[in-house]
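The structure appears below as structure tokens.
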Amino acid sequence: MTDRRTQDQFSGAKPNVPTAATGQGGLLVIFLAVIILFMASFWAASIIIKVQKINQGEPIAQGDASKLENIDLDLPKTKVTLVTEDDPSAGSPAAKVHLVEFSDFQCQFCKRSYPIVEAIIKEYGQQIHFVYRDFPLPSHIYARKAAEAAECAQEQGAFWPMHNLIFDNQEELKVSDLKKYAQRLNLDMAKFNNCLDSGNYTAEVEADYKDGLAAGVRGTPTFFINGQMIFGSVSQAEMTSVIDRELYKIN
């Protein structure tokens, strides 16, 4: 009887020995698996930390928040009414989730945020109540009058069109520019000019600003979702995650 080794030699069969390439391929798969596992763990940890911050009532500071021009004041927070009836709003006042924004028409980060807010309002509709409040930074010399112009436009039912026009033309916010935007919206110019020139809403804008300071606002944009502060220009996904959490708690 011919032994097995001799048969293998005669038939040309090769023993099943792992090659170097096979070994390298296995190591590569293991290496990639370790990297994917590490990234997944890091992502999960960041989500857990963010949820903990939300639950503890801490503000969620995003990347752009560190670049915001803010106010160098050390004032104590006081209890203020964030949701008001005399400020521009959208959605349903009866909603269980209230989203309040303190904004500045001359703030570049507020300009970046306004399309996101529009998308949020469109997505949630009557499930939320959005309130826009003014927080013109002292360093922005045109922001306060721009806020007054938007309030004057609200008298004629044109706050949001004026709001968008001001942000879209943020580099041109002199009084003459504001009146030009009102004319573009076909507003009653005599009424608008009288409102703006006489400072009808100077006190209203100042009241919003003081409420913001009392609530802890130090830069723009600053948002409050059911009292939870979120400052800085945040993504739509980050905003909706907090809103969805609030809706889940209610339902």
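Computed from the coordinates by the stated procedures, all read-outs in this text should not be read as laboratory data. Every value quoted in this text rests on a predicted model; they were computed, and no experiment measured them. A quick note on method: Cβ atoms are made from the backbone with ideal geometry, for glycine too, and the neighbour counts reach across all protein chains shown.
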*Which pairs, out of Lys96/Lys122; Lys111/Lys191; Lys96/Lys249, put more than 19 Å between their alpha-carbon atoms?*
Lys111/Lys191
*Calculate one ³J(HN,Hα) per residue across segment 145-155 by plugging θ = phi - 60° into the Karplus curve 6.51 cos²θ - 1.76 cosθ + 1.60, and present them in order as whole Hz with x for glycine and proline.*
5, 5, 5, 5, 4, 5, 5, 5, 5, 4, 4
*asked:* Can you work out the Karplus-derived ³J(HN,Hα) for every residue in segment 222-230? Use 6.51 cos²θ - 1.76 cosθ + 1.60 with θ = phi - 60°, whole Hz, and x for glycine or proline.
replied: 10, 10, 10, 10, 6, x, 7, 6, 10
_Can you sort Cys195, Cys152 from fewest to most other Cβ atoms within 10 Å of each residue's own Cβ?_
Cys195, Cys152
_Taking the Cα centroid of segment 174-188 and of segment 97-137, what is the distance between the two, rounded to the nearest whole Å?_
22 Å
*So who's got an amide H within less than 5 Å of the one on Ile128, skipping anything under 5 residues away but keeping other chains? H placed 1.01 Å off N, in plane.*
Ser92
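What size of dipole, in debye to the nearest 20, comes out for segment 59-250 about its Cα centre when the only charges are +1 on Lys and Arg C-beta atoms and -1 on Asp and Glu C-beta atoms? Before the final figure, lay out the partial values.
On the way: 19 positive and 28 negative charges, 51 e Å.
Around 240 debye, computed over segment 59-250.
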*In segment 165-251, which trypsin sites (Lys or Arg not before Pro) fall in coil by DSSP and have 12 or fewer other Cβ atoms within 10 Å?*
Lys174
*Of Ala147, Phe130, Ala237, farthest towards positive along the dipole that unit charges on Lys, Arg, Asp, Glu beta carbons give segment 127-247*: Ala147
